[in-house]
Amino acid sequence: PARYFDTKTTEPISFFLSGLEELLAWQPNSNDEFNVSAVPLAKRQPPLHSRRPRTLVCHDMRGGYLEDRFIQGSATRNPYVFYHWRYIDIFVYFSHHTVTIPPVVWTNAAHRNGVPVLGTFITEWTDGEKLCESFLAGGEEACGAVAEQLARIAQHYRFDGWLVNIENTLSAAAVGNLPLFLRHLTAQVHSAVPGGLVIWYDSVLRDGTLKWQNELNDENRIFFDACDGLFTNYNWKEEQLDRTQQLAGPRQNDVYVGVDVFARGDVIGGGFDTDKSLRLIRQYGLSAAIFAPGWVYEHLGKENFLQNENRFWGSLSEYLPTHSICTLPLTTSFSLGMGTSTFLDGKDEESGPWYDLSAQDIQPLYPELQGRLSTSCCLQDAWCGGSSLQLQGTIPPGEERVAVRLFSLQMPAPPKLFLTLLYKLEGPQPDDLTVALEVTTWDSGICLEGNPTSLPEPNGRYHPRFLPAPPPGLAKLLAACHRGSHGWTSRCYELELQDCSLRDLSVIVSRQQPSLEETSFSCLLGEVRVLDTASVAASPVQVHNVMASQLWWQ
C-alpha cells in the first residue's frame, strides 16, 4: 500500500493522516510495524515534571515528511539533523496535515537521548471549521472517539502525545465542548502513554473567535486548565510575560512561550538574536517553545550547517538548563545519524552519503569557551558510524591540562566502573599530549575511591586507573582495550568507588611537559563507554524465536 511503502523504491515510509475519516478509520496494521518506535524513552535527570523552566523544540520544515520519512535511511547529501538533545525537554514534529504522526526515525533518536516526542493534531481554514463542527459540536461521544483514536495512535507508534492546534473559528456548540475534548484527550494519553503529554496552541478563544493572544489570559485559560501546557503565539511583549507568569501561578513552567526563529511578524529576537527572547522568557521563569530552528539549515544553507548549528545552540546555551544521564551502560560513538562515509573500527568501509536518524547515537554536551575550546562534529573521520566528536582548543600558558565535560551524570556509582575511550590526536606534535577520561563525583564526606583506607579527594575528581588488560571475566567483551587501529588509540580504565554519586564525565587533554607557552590541540573522540562491571560480567539474555518477514532479496 502506498501509504506505508514508497512507490518508487518499495521502501517503508512514515506517513500522516488527512481528515477526520482517515483518523476515525485508523487501525493498527501489519504493514505499519516499521513505524513503531523501537527505542524506549531513556530516563534522564531532572525529569520532565520537575520545577524548572523547560525548552520545547517545534520542528517545522518545508511541509514535513522529507527524507526523514524513509524509515531505513536514504542516501541524502547534507541532510538536516538535530543533536542538541541535552539542552531540550520536548520535541514536536509539526506539519499541516490533520494528524501528523512523527516519523519514527525522530522518535528513535529523541528517545535514545531521553526526549519525549509529540505529534500534531491541527485544523485550519474552512475545512478545519467543518472538521471541528463534525466532532466538537457532535457532543461527548464524537469528542471521545477522536480523543481515543489520537491516544491509541500515540500508544501504538510509541511516541509521547500531541500538540493540539485549532486554527479556525468555532461555533458556540463546538467551543463549548472543546475543554471537555482536551480533558478527555489528556486523560486518555496519560493512561495510554507513560509520561504522555497534551499541549494546547494559543489560537481560538473561549467564545470561539480565532485570535492569537501571545500570552495566557482569561480568554484562553480554560484550555490551559484542561491539558498539560500552553504553547503561546510569537508576537508577545514583555508585559505579556509578566501577566502570564502571574496568572499561571504554580504552573508557570507549563507555559511554553513561542519563539519563531524565522522572526516573522513583530517579534523580539529570532535568528542569531534568539537569545534575546530567551533571556526575557527566563527572567519570568517561563518555559520556551523554539519554533523552526531549522532556520539555520534553510536560511544559512546546507554547506556549513553543522558549524552554524553549533553556533546557534551555543548562543542559547546560557538559557537552556541541561540534562544528566542517570542510567548505565553509557556508550556512544557520537554518530549524528548521517555521514559522507560509513566507518567501522576506524576504517572507511563505504564512501557515499547516508542519512538515518535511527542510527544517531547518544549525544554529548557541546561545550564552547570563546577562543579556548570548541566541540564539533567531524564527518571526515570516525571510529564507528558517520562522525566523531572533534575537540579543538588551547592549553593556556602555565597550565597543564584542559577538561572537556562530555556528559553530566546523576546516579549512584556502582562499586566498580569500567570505562573505555577511543581517540585520535591530530596536529603537528601529538606525542606531546595525553588524553584521558575523568569522572567527578558529588561532594560527600563518605565517598571513597578504591579500598576504604584511601582518603576522599577534596573536590571529588577521579582519574580512573589505566588498565593494560581487562580482568579475565571481561576480556572477551572488552577486547576493546587492544583494538586501536587506523591511527586510533584505545584506552581502558577501571574505577572502584564506595558510597559515591557520579557527577560528570570529562575528557582531559594534558601536556607531557609544563610550558609557559600555550599549546593548541585537536583531538577526535571515536567512542566512550561507561559500564557497570558487575552487569557486564553477567551473561547476556538468551533470544528465542526470531522471525524474519517482508524480505526482498535484490
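The values are calculated or read from the model by the stated rules, or taken from the named source; none is laboratory data. All of these numbers come straight from a predicted model, not from anything done at the bench. Counting neighbours? That spans all protein chains shown, and the Cβs are built from the backbone with ideal geometry, glycine included. Protein only, heavy atoms only, side chains kept; ligands, DNA and RNA dropped before computing areas. Shrake-Rupley method; radii C 1.70, N 1.55, O 1.52, S 1.80 Å.
When residues of the stretch 121-158 are filtered for being among the aromatic types (Phe, Trp, Tyr), open to solvent by 80 Å² or more (accessible area, probe 1.4 Å) and either farther than 16 Å from HIS97 by Cβ or not assigned by the TED database to the domain that holds ARG206 (or both), how many remain? Even if it seems obvious, please write down each step before you answer.
From the stretch 121-158, those among the aromatic types (Phe, Trp, Tyr) are 121, 125, 135, 157; that's our starting set.
Next, from what is left, pick out any that are open to solvent by 80 Å² or more (accessible area, probe 1.4 Å): 125.
From what's left, either farther than 16 Å from HIS97 by Cβ or not assigned by the TED database to the domain that holds ARG206 (or both): none.
Going through the stretch 121-158 one residue at a time, the tally reaches 0.
Name the single residue that is farthest from GLU67 (Cα to Cα) among those in the stretch 3-19 being open to solvent by 30 Å² or more (accessible area, probe 1.4 Å) and in contact with a strand residue (DSSP E or B) (Cβ under 9 Å, 6 or more places away or on another chain). Break it down into steps so the answer makes sense when it comes.
Initial filter on the stretch 3-19 (open to solvent by 30 Å² or more (accessible area, probe 1.4 Å)): 3, 5, 7-11, 16, 18.
From the residues that got through so far, the ones that are in contact with a strand residue (DSSP E or B) (Cβ under 9 Å, 6 or more places away or on another chain) too are 3, 5, 9, 11, 16, 18.
On the way: ARG3: 15, PHE5: 14, THR9: 13, GLU11: 12, PHE16: 14, SER18: 20 Å.
My answer is SER18.
For the stretch 234-250, indicate whether the set of residues that are open to solvent by 10 Å² or more (accessible area, probe 1.4 Å), touching a helix residue (DSSP H, G or I) at 6+ places or on another chain (Cβ under 8 Å), over 19 Å from ARG52 (Cα atoms) and acidic (Asp, Glu) is non-empty.
For the stretch 234-250, residues open to solvent by 10 Å² or more (accessible area, probe 1.4 Å), touching a helix residue (DSSP H, G or I) at 6+ places or on another chain (Cβ under 8 Å), over 19 Å from ARG52 (Cα atoms) and acidic (Asp, Glu): present.
Mind telling me which of the residues SER506, SER520 ends up being under 16 Å from THR434 (Cα atoms), open to solvent by 20 Å² or more (accessible area, probe 1.4 Å), in contact (Cβ under 8 Å) with a residue 24 or more places away in the chain and not in a loop (DSSP other than H, G, I, E, B)? Walk me through how you get there before you give the answer.
Numbers: SER506 fails: open to solvent by 20 Å² or more (accessible area, probe 1.4 Å).
Exactly one of SER506, SER520 is under 16 Å from THR434 (Cα atoms), open to solvent by 20 Å² or more (accessible area, probe 1.4 Å), in contact (Cβ under 8 Å) with a residue 24 or more places away in the chain and not in a loop (DSSP other than H, G, I, E, B), namely SER520.
Across the stretch 33-67, what is the total count of residues that are in contact with a Leu (Cβ under 7 Å, 6 or more places away or on another chain) and not assigned by the TED database to the domain that holds HIS156?
Residues meeting the conditions: 0.
May I ask you to list pairs of residues, at least six apart or on different chains, whose Cβ atoms are under 8 Å apart, with the first in the stretch 433-449 being assigned by the TED database to the domain that holds SER408 and surrounded by fewer than 18 Cβ atoms within 10 Å (Cβ to Cβ) and the second being in a loop (DSSP other than H, G, I, E, B) and basic (Lys, Arg)?
none
Go through the stretch 41-74 and count every residue that is open to solvent by 40 Å² or more (accessible area, probe 1.4 Å) and touching a helix residue (DSSP H, G or I) at 6+ places or on another chain (Cβ under 9 Å).
The qualifying residues number 7.
Only one of GLY265, GLY258 is in a strand (DSSP E or B) and closer than 28 Å to ALA248 by Cβ; which? Even if it seems obvious, please write down each step before you answer.
Working: GLY265 fails: in a strand (DSSP E or B).
On inspection, the qualifying residue turns out to be GLY258.
Considering each of SER374, SER341 in turn, give the residue that is assigned to a strand (DSSP E or B) and at pLDDT 95 or above. Steps first, answer last, please.
On the way: SER374 fails: at pLDDT 95 or above.
Of the residues listed, the single one that is assigned to a strand (DSSP E or B) and at pLDDT 95 or above is SER341.
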